[in-house]
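See below for the structure under consideration.
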Amino acid sequence: MRSMAHIGAALTAIFMLSPLVILVIFCFSESPLLAFPIEGWSLRWFDKAFSDPQFTNAFRNSMIVTGAVGVTSTLTGTLAALALAKLPPRLATATAAALSLPVMVPPLLLGVALLTFYSTWIGLPLGLPAVILSHLVFTQPLVMLMISARMASFDHAAVEAARDLGASPIQSFFHVTLPMIGPSITGGTLIAMALSLDDFLVTFFTIGGGMTLPTLMWGMLRKGIDPSVNVVAVTIMGLSIAATLIGFRLTRYRG
Amino acid sequence: MAPLVELVGVGKGYGSATAVHPLSLRIGEGEFVSILGPSGCGKTTLLRMIGGFVTPDEGSILIDGRDVTRKPPEKRATNMVFQGYGLFPHMTVAQNVAYGLRIARVARTERARRVAEALDLIRLADLGDRAVSALSGGQRQRVALARALVMRPRVLLLDEPLSALDLKLRLAMQEEFRRIHAQVGGTFIFVTHDQAEAMSLASRICVMEAGRIVQDGTPEDIYRRPASRFVAGFIGEANLFEGVGSDERVRLSCGTVIPGAGAEGPIVCVVRPEAVTLAADPAALPDQCDARLFATVEDVVFLGPEVRTTLRTDSGAQALALSRTAGPLRPGDRVTMGWATADQQVIAA
């Protein structure tokens, strides 16, 4: 029975990972066709993608959006979670539900709604600032929810103990609260950044003329597939994995 | 001598519920006071007001003659051992203990010396570098104690510190607390719902009921002279016989009249089970048993050092007697319960 379970688990893992492996393999293929057998290896598609000004521009835009969304949603999400923890439980539940509504709206609707809101209501020009604001709508609640979940099992006596031992409210926050919820904050930031990095729908509606990596990929696919699309995809994947590894490294448990 | 901790008309309510009715309390230097009461009686609120975690609605709190009513915890000469310990999970044992000294900017060498001293006091000298998560419940308890004691507080507040431990560990820690109090001196205020714990630790017990201190005295005082039916029932086991008192005599509800000075009108006569002597033949009772009552034996349990006999009096009240020897009694036997009126306490019902 156990070996059956192991085989099942292995097959599932292979099924889930093989598309990613194939995606990476074709980046290094000589041929412009995405087909086996692979006749030769080359880095020409990397060269082609990275020397394309559209790619560098989209890469830069993605970095700006992801960075801004990561920092801002972490700040607002953390502050919201800390405020929720101080509310009476029933009010806190209602407030958290209200603040999390955007997560439950399908991204397509969110994109259309934001486009209408920006252009006809507040007259915000489309572009990167509009994209950043739009991403905050759905990343901020996620950060808040992740930190709230941590706060629910948080030992408030530890903070009181710090105060009791002479720490000011600010000191107890930085010495005790922050280190205790730190891993959740980092985790929330990374998820917010990953969501922002690969968001297509909301970005598509609110960016106007520019491009981020996902909208660039979409444009490239419309013109026909060649392995430089894979290179863009692998870049996005590499950035996500790197961010996650850095996050784990930063938040590893220091006993 | 001025008291170290003085509460003057301190009260606190939450919404429409009153947690602590305005009360006054004076605690002197070096006392080991236990605040004892059932859960929800306001004892933890009272302790948290002394520690600065709860601001009273009225009254004032003085520590060492200074009014600290509105001062936050970090500005008070008190340190607390929390019920859930509240250790810092991201720090080692030594870092936990050193935290208060670090905040107070005590020099590194002095800090190391005092941390070592505190760890020595709680007998965890070898575990300074351990992660808090690698400690057992009893060890965590000691670290929480060391972390507070290292500050050399004028007043150490303990909020049910032993409630999470099993019985054996609890008894061992009670002994530790007594030893540490004797060793470091200082004033300990200890909140508990466990009357045996309060009796064994404290030199003074304040019994709380529904937000009020209903009795304040030495453990012996409270055991022998309970001020109310609640205290008599809460501290140890007690026979509570209802009746009416007048002219130094008490007419119990079963009709028996016994000598008994104390309250007039409806009363409760409190008799501790170990003060009761049982005899099948009333003539066999010792002479000092001047109060007597007929009862029927319901159950006899041999417990080793003592024998527990449960009885029912003729008026239907349940009664209990503890004695060294079982005697020839069996369930169903008619007996006379006798006790010396000097051992009874007559209080207004």
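The values are calculated or read from the model by the stated rules, or taken from the named source; none is laboratory data. All values reported here derive from a predicted model rather than from experimental measurement. For neighbour counting, all protein chains shown are included, and Cβ atoms are generated from backbone atoms with ideal geometry for every residue, glycine included. In case anyone asks, the SASA skips ligands and DNA or RNA and just uses the protein heavy atoms, side chains included. Shrake-Rupley method; radii C 1.70, N 1.55, O 1.52, S 1.80 Å.
Check whether at least one residue in segment B:276-284 is farther than 24 Å from B:Gly332 by Cβ and part of a strand (DSSP E or B), and report yes or no. No, the conditions are met nowhere in segment B:276-284. Testing B:Arg70 on (1) open to solvent by 20 Å² or more (accessible area, probe 1.4 Å); (2) not in a loop (DSSP other than H, G, I, E, B), one condition comes back false. Which one is that? Checking B:Arg70 against (1) open to solvent by 20 Å² or more (accessible area, probe 1.4 Å); (2) not in a loop (DSSP other than H, G, I, E, B), the one that fails is (2). At least 3 residues being aliphatic (A, V, I, L, M) is the threshold, and among the helices (runs of 4 or more DSSP H) wholly inside segment B:174-256 those reaching it are B:195-201. Mind telling me which of the residues A:Arg90, A:Arg60 ends up being in the same structural domain as A:Ser172 (by TED's automatic domain parsing) and either under 21 Å from A:Phe200 (Cα atoms) or part of a loop (DSSP other than H, G, I, E, B) (or both)? Exactly one residue qualifies, and that residue is A:Arg60. Restricted to segment B:14-35, and to residues there that are aliphatic (A, V, I, L, M) and more than 17 Å from B:Thr187 (Cβ to Cβ), the residue that is surrounded by the fewest Cβ atoms within 10 Å (Cβ to Cβ) is B:Ala17. Summed over segment A:104-137, the residues that are loosely packed, with under 14 Cβ neighbours inside 10 Å and within 20 Å of A:Leu213 (Cα to Cα) give a count of 1.
To keep it simple, each residue is scored yes or no on (1) in contact with a Ser or Thr (Cβ under 8 Å, 6 or more places away or on another chain); (2) away from chain B (no Cβ under 14 Å).
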site	(1), (2)
A:Gly123	no, yes
A:Ile132	yes, yes
A:Ile147	yes, yes
A:Met151	no, yes
A:Asp164	yes, no
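Report yes if some residue within segment B:272-289 is touching a strand residue (DSSP E or B) at 6+ places or on another chain (Cβ under 6 Å), buried (at least 16 other Cβ atoms within 10 Å of the Cβ), over 15 Å from B:Ala340 (Cβ atoms) and of a type in the set (A, V, I, L, M, F, W, C); otherwise report no.
First, pick out the residues of segment B:272-289 that are touching a strand residue (DSSP E or B) at 6+ places or on another chain (Cβ under 6 Å): B:273-280, B:282, B:285, B:289.
Subset that is buried (at least 16 other Cβ atoms within 10 Å of the Cβ): B:273-279, B:285, B:289.
Subset that is over 15 Å from B:Ala340 (Cβ atoms): none.
No, the conditions are met nowhere in segment B:272-289.
As a summary of the residue check, A:Gly208 satisfies the conditions (1) away from every other protein chain (no Cβ under 14 Å); (2) surrounded by 23 or more Cβ atoms within 10 Å (Cβ to Cβ); (3) not aliphatic (A, V, I, L, M) except for the one numbered (2). Taking segment A:161-200 as the range and being within 30 Å of A:Leu115 (Cβ to Cβ) and open to solvent by 50 Å² or more (accessible area, probe 1.4 Å) as the test, the residues that pass are A:Ile191, A:Met193, A:Leu195, A:Asp198, A:Phe200.
Which of (1) in contact with a Ser or Thr (Cβ under 9 Å, 6 or more places away or on another chain); (2) of a type outside the set (Phe, Trp, Tyr); (3) within 22 Å of B:Ser200 (Cα to Cα) is the odd one out, the single condition B:Ser39 does not satisfy? Of everything listed in (1) in contact with a Ser or Thr (Cβ under 9 Å, 6 or more places away or on another chain); (2) of a type outside the set (Phe, Trp, Tyr); (3) within 22 Å of B:Ser200 (Cα to Cα), B:Ser39 misses just condition (1). Looking at segment A:146-154, is at least one residue in contact (Cβ under 8 Å) with a residue 12 or more places away in the chain, crowded, with 19+ Cβ neighbours inside 10 Å, farther than 22 Å from B:Tyr99 by Cβ and small (Gly, Ala, Ser)? Yes; the residues of segment A:146-154 include at least one that is in contact (Cβ under 8 Å) with a residue 12 or more places away in the chain, crowded, with 19+ Cβ neighbours inside 10 Å, farther than 22 Å from B:Tyr99 by Cβ and small (Gly, Ala, Ser). On inspection, B:Ala107 passes the criterion of being on the phi < 0 side of the Ramachandran plot, more than 14 Å from every other protein chain (Cβ to nearest Cβ) and either of a type outside the set (A, V, I, L, M) or open to solvent by 10 Å² or more (accessible area, probe 1.4 Å) (or both). For first residues located in segment B:67-85 and more than 18 Å from A:Asp155 (Cα to Cα) and facing another protein chain (nearest Cβ under 9 Å), partners that are loosely packed, with under 15 Cβ neighbours inside 10 Å and among the aromatic types (Phe, Trp, Tyr) and lie 6+ apart or on another chain with Cβ distances below 7 Å do not occur.
If you check B:Phe234 against the conditions, is it open to solvent by 60 Å² or more (accessible area, probe 1.4 Å) and not assigned by TED's automatic domain parsing to the domain that holds B:Cys206?
Details: open to solvent by 60 Å² or more (accessible area, probe 1.4 Å): no; not assigned by TED's automatic domain parsing to the domain that holds B:Cys206: yes.
So B:Phe234 does not fit the description; no.
For segment B:130-140, residues that are away from chain A (no Cβ under 13 Å) and either assigned to a helix (DSSP H, G or I) or under 24 Å from the mean Cα position of the chain (by Cα) (or both) total 3.
Looking only at residues in segment B:86-104 that are of a type in the set (S, T, N, Q) and in contact (Cβ under 8 Å) with a residue 24 or more places away in the chain, which one is least open to solvent (accessible area, probe 1.4 Å)? Filtering first and then ranking leaves B:Asn96. Within segment A:102-124, the set of residues being part of a helix (DSSP H, G or I) and free of Cβ contacts under 8 Å to residues at least 24 places away in the same chain comprises A:Met104, A:Leu109, A:Ala113, A:Thr116, A:Phe117, A:Ser119, A:Thr120, A:Trp121, A:Ile122.
Only residues that are open to solvent by 10 Å² or more (accessible area, probe 1.4 Å) and either more than 14 Å from chain A (Cβ to nearest Cβ) or modelled with pLDDT of 95 or more (or both) were counted in segment B:49-62, giving 5. Filtered by the rule that a residue be buried (at least 23 other Cβ atoms within 10 Å of the Cβ) and within 14 Å of another protein chain (Cβ to nearest Cβ), segment B:152-190 gives B:Val155, B:Leu156, B:Leu157, B:Leu158, B:Asp159, B:Pro161, B:Ile189. The listed residues are B:Arg249, B:Arg308, B:Arg312, and the only one of them that is buried (at least 16 other Cβ atoms within 10 Å of the Cβ) and either charged (D, E, K, R) or touching a Leu at 6+ places or on another chain (Cβ under 8 Å) (or both) turns out to be B:Arg308.
Between A:Ala158, A:Ala243, which is surrounded by 22 or more Cβ atoms within 10 Å (Cβ to Cβ) and of a type in the set (Gly, Ala, Ser)?
Numbers: A:Ala243 fails: surrounded by 22 or more Cβ atoms within 10 Å (Cβ to Cβ).
Testing whether each residue is surrounded by 22 or more Cβ atoms within 10 Å (Cβ to Cβ) and of a type in the set (Gly, Ala, Ser) leaves just A:Ala158.
A search for C-beta distances below 9 Å between a residue of segment B:157-178 that is without any contact (Cβ under 8 Å) to a residue 60 or more places away in the chain and under 21 Å from A:Ala161 (Cβ atoms) and any residue that is open to solvent by less than 20 Å² (accessible area, probe 1.4 Å) and part of a loop (DSSP other than H, G, I, E, B), counting only pairs 6+ apart in sequence or on different chains, returns B:Met173/B:Pro161; B:Met173/B:Leu162; B:Met173/B:Leu165; B:Glu176/B:Ile122; B:Phe177/B:Pro161; B:Phe177/B:Leu162. What number of residues in segment A:60-103 are out of contact with any helix residue (DSSP H, G or I) (no Cβ under 7 Å at 6 or more places or on another chain) and open to solvent by less than 50 Å² (accessible area, probe 1.4 Å)? Summing the residues that are out of contact with any helix residue (DSSP H, G or I) (no Cβ under 7 Å at 6 or more places or on another chain) and open to solvent by less than 50 Å² (accessible area, probe 1.4 Å) in segment A:60-103 gives 2.
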